[in-house]
1. Considering the options Val284, His323, Met352, tell which one lies farthest towards the positive end of the dipole of region 281-367, charges being +1 on Lys and Arg and -1 on Asp and Glu at the Cβ, about the Cα centre.
2. Between Glu383 and Lys265, how many nm apart are label points set 7 Å from Cα along the C-beta direction?
3. Counting only other residues whose beta carbon sits under 11 Å from that of Gly168, what net charge do I get with K and R as +1, D and E as -1?
4. Within region 138-181, whose backbone N sits under 17 Å from a point 7 Å along Cα→Cβ of Glu39?
5. Note down the magnitude of the dipole of the chain about its Cα centre, charges +1 on Lys and Arg C-beta and -1 on Asp and Glu C-beta and zero elsewhere, to the nearest 20 debye.
6. Identify, among Cys235, Gly274, Met71, the residue whose Cα sits farthest towards the positive end of the charge dipole of the chain, taking +1 on the Cβ of Lys and Arg and -1 on the Cβ of Asp and Glu, with the dipole about the Cα centre.
7. Name the residues whose placed amide hydrogens come within less than 5 Å of the amide hydrogen of Leu410, ignoring near sequence neighbours (fewer than 5 apart) on the same chain.
8. List residues of region 217-255, by number, whose backbone nitrogen lies under 18 Å from a label position 7 Å along Cα→C-beta of Glu365.
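Read-outs: derived from the displayed coordinates by stated rules, not from any lab. Please read these numbers as outputs of a predicted model, since none were measured by experiment. Positions of Cβ are generated from backbone atoms using ideal geometry, with glycine treated the same way; all protein chains shown enter the neighbour counts.
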Amino acid sequence: MGSVNYQEKIPNNVDLHQDRRLQRALEEWLPNYLDWWTEMGPDGFQRDDVYLRTAVSVDRDGWAHFDHVKMPDYRWGIFLTPRDTKRVIHFGDHMGEPAWEQVPGEYRNSLRRLIVTQGDTEPASVEQQRLLGQCCPSLYDLRNLFQVNVEEGRHLWAMVYLLHSYFGRDGREEAEAMLERRAGNADSPRILGTFNAPIEDWLSFFCFTTFTDRDGKYQLRALSESGFDPLARTCQFMLTEEAHHMFVGQTGIGRILKRTAEMMKKGDVRAQGGIPIDVIQRYVNQWYSLSLDLFGSEDSSNAASFFGSSLKGRDREEELTEHTALHESYKMTKFDANGREFVEDVPLRRAMNEVLRDAYVEDCEKAVRSWNRTLAAEGCDLEITLPNRRFHRGQGLYSEAKFDTRGQWLQASAWSARESEWLPTDADRAYVKSLMYAVTTPGEFAHWIAPPPRGIEGMPIEYEYVKFNEGSHFKKS
Ligand code: BYC
Ligand code: FE
Ligand code: FE
């Protein structure tokens, strides 16, 4: 365990060759996965050579190898953080018991549901982003998009491995269904709302990787506490890759803001073909609020039972002092039909979605502070702010009424009158889309985004991160 076997069809550190049945089942799933990737992965770039990192070990340092590869040849593998045979469950009703190596019968349905929900988001994001490459602002950004995409593909592998290994026939059926649902498809949509929204421009992509991938980070952190050890270990390793996705988003928005602030010094941003700061703010409002929905209801019996049964913990559970969550409550602000605010004590277990959302909100605030430092460094005194978590919610308590960006309750008519201040308008979208054109000369960037301070893995910014071959979107014969 630990070292990765690359001789096998499916690279892995789980001794797959010792379980022939499982190996065969996954090898049968592989061509279906590749068909899905060809059909729904990045459109027009399957033959190109992309400078990608591939996971080759689960060691903290040096876990990845960088080289030019064609995306369909990427080695999607199965990597779990090594097993700690002494690991003990440290929260919920099973606290103190040895971590489970098998699925406890009574939790089979709940666990399957958590794994399927998590797994479904991974291919969904690839589908949402499949046309973006065609209007890449640079080769550097194009490579980052593809890096994120192949790793989301690997995250699907991670969940499918769990389904195949531990859930028998219904696990195999769920694995097939992962390749059948489609983001945004009316008949067979992806499970969670946010993963059906199209991502057609790079401002949306950077918002998505900042806010939606960050939901991934917190969900994975909660699942990496799980009493079901294989789930905990696979999520731990996924978090290693996730950091890069958020880096892409946060630095992407930072670079757009830098360019916008530079243009503001010279005059009208729109006239110079940049993205005005109020437009960026509306995109932030939209993707942040959509991502908040992914945590589920504030007051949730599902969340209580996931925690109680030691399936899904809190962010950094081991750093907390009390792990049963039976004796505390969470003060939750609710509203009656007339907009009157009142506070209710919700038993802590039922509030676990909100507890996780709290950690997420704090982390998002850090990202926003870094953007505002970028603006200040360019002498811009405007700032990006996060809307209140009640704003524009489609799930949970606050989806039942309308709230402004500061969290004040609003009549529906007052909301409609001001919606265009807060959320991207059709005109915003059309404008942002009009700026999306492909820049494919190494070292050059679209004019609405600043270059990054440095390239990838010590390579220069002008390195040829993607080499286009015959048949590529950019090299049609
Ligand atoms: N859209 O008690 P409730 C990532 C449903 S992102 C649609 O509120 P629960 C990634 C819910 O299913 C991380 N439906 O919710 C990022 C339930 O349905 P039923 C993904 C929703 O179950 C970028 C009902 O509403 N990870 O990795 O406590 C790129 C009320 O349930 C939504 C996970 O999701 C929604 N937004 O919590 C690539 C982790 N929200 O039972 C990847 C696993 C709720 O009434 N999943 N519903 O039919 C979970 O932990 C939980 O299922 C949730 C929901 C946190 C998602
Ligand atoms: Fe992921
Ligand atoms: Fe991600």
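1. Val284
2. So the two model labels end up 2.2 nm from each other.
3. Details: positive: Arg21, Arg108, Arg112, Arg169, Arg172; negative: Asp170, Glu173, Glu174.
It works out to a net charge of +2.
4. In region 138-181, the label zone of Glu39 (backbone N under 17 Å from the point 7 Å along Cα→Cβ) covers 173-181.
5. Taking the Cα centre of the chain as origin, the dipole is about 500 debye.
6. Gly274
7. For Leu410, whose amide H was placed from the backbone, the distant partners under 5 Å are Lys402, Phe403, Asp404.
8. 218, by backbone N distance to the label point.
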